[in-house]
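Data block below; observations after.
The values are calculated or read from the model by the stated rules, or taken from the named source; none is laboratory data. This one's a predicted model, so the numbers in the text were calculated from it and none came from an experiment. Counting neighbours? That spans all protein chains shown, and the Cβs are built from the backbone with ideal geometry, glycine included.
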Amino acid sequence: MKGSAELFGTYRPSGSPLETVPVGWKYLLLLALTVPAIVAGTWWFSLLAIAVTLAILIGASVGARRAAALSLGLVVVGVLIVVVQALAGNTLAGVVVVENLVLALYATRVLTLTTPIPELVDGIAAACRPLRLVRINPDRIALAVAIMVRSLPHLLGAFDEVRDAVTARGIRPNPTAYVAPVVVRAVAYAHATGDALAARGLGEDGPPARGDTTMTP
């Protein structure tokens, strides 16, 4: 898949000391990187937080390109946000929103590029264990997050592939040319994911088995 399909990035062992840090501390690091910037709401603080986050990623030996890559879709969304806020007379607010969006993405990569998905899922399940008191299964929450993390990059990659196919055939771009094939692929992916869950006994009637949250549809 293309760069946009690597939205959050995938774990590749690099021997970085950050890989040995317990996943719970990494989740706390994510909060420490993002929450203060969101609360501050100033462009310079958010920019500083982005620089710190990128420094952490590069220091973790993931490579500057993988650490800082932004998909075309995200860039377009960012531009639209700034334009809309500019038309509303508050350009700076739009800049801060986009900065915090990029910050959240980079901070998430601190987790996903240095931690195997099973460990990330186990960390979420452990944090949600108190919810058992209100009869909410923490393993199901972890499973939902795992599916989301795998699905978003896949769907972005599908958009890229459809766009390239449309361009290669010389078809004049229009919403139908892009949206319809992507929707078809999304539905097919959803069915494949559902079949993979059912094959592993992860239906509505049974609890998820540990380690099955990394299924491949």
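Looking only at the stretch 18-45, count every residue that is in a helix (DSSP H, G or I), closer than 17 Å to LEU120 by Cα and not hydrophobic (A, V, I, L, M, F, W, C) and tell me the total.
In the first step, residues of the stretch 18-45 are kept if they are in a helix (DSSP H, G or I); the result is 18-20, 23-40, 43-45.
Right, trim to closer than 17 Å to LEU120 by Cα and you get 18-20, 23-31.
Remaining after also requiring not hydrophobic (A, V, I, L, M, F, W, C): 19-20, 24, 26-27.
Looking only at that region, the number is 5.
Of all residues in the stretch 32-90, count the ones that are over 17 Å from LEU18 (Cβ atoms) and charged (D, E, K, R).
Here the count works out to 1.
Rundown of residues vs (1) of a type outside the set (S, T, N, Q); (2) in contact with a Pro (Cβ under 8 Å, 6 or more places away or on another chain), yes/no style:
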site: PHE8; (1), (2): yes, yes
site: ALA37; (1), (2): yes, no
site: LEU47; (1), (2): yes, no
site: ALA51; (1), (2): yes, no
site: VAL76; (1), (2): yes, no
site: ASN100; (1), (2): no, no
site: LEU105; (1), (2): yes, no
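When you check LEU92 against the structure, is it at negative phi and surrounded by 18 or more Cβ atoms within 10 Å (Cβ to Cβ), yes or no? If you could, list the steps in order and put the result at the bottom.
On the way: at negative phi: yes; surrounded by 18 or more Cβ atoms within 10 Å (Cβ to Cβ): no.
Taking the combined requirement at face value, the residue does not satisfy it.
What helices (runs of 4 or more DSSP H) lie completely within the stretch 46-151 and have 1 or more residues being within 19 Å of TRP25 (Cβ to Cβ)? Lay out the reasoning, then the answer.
Working: elements: 64-68, 72-87, 91-112, 117-127.
Qualifying helices (runs of 4 or more DSSP H): 91-112, 117-127.
Based on what the data block shows, is ALA125 assigned by TED's automatic domain parsing to the domain that holds VAL39 and either over 15 Å from PHE8 (Cα atoms) or not charged (D, E, K, R) (or both)? If you could, list the steps in order and put the result at the bottom.
Numbers: assigned by TED's automatic domain parsing to the domain that holds VAL39: no; either over 15 Å from PHE8 (Cα atoms) or not charged (D, E, K, R) (or both): yes.
Criteria not met by ALA125.
For the stretch 57-70, what are the residues that are in contact (Cβ under 8 Å) with a residue 24 or more places away in the chain and within 18 Å of the chain's Cα centre (by Cα)?
Here is the first cut: in the stretch 57-70, the ones in contact (Cβ under 8 Å) with a residue 24 or more places away in the chain are 57, 59-62, 66-70.
Result: LEU57, VAL62, ARG66, ALA67, ALA68, ALA69, LEU70.
Here is a list of conditions, (1) more than 30 Å from ALA165 (Cα to Cα); (2) crowded, with 16+ Cβ neighbours inside 10 Å; (3) in contact (Cβ under 8 Å) with a residue 40 or more places away in the chain, and SER14 meets all of them except one; can you say which number that is?
Single failed check for SER14: (2).
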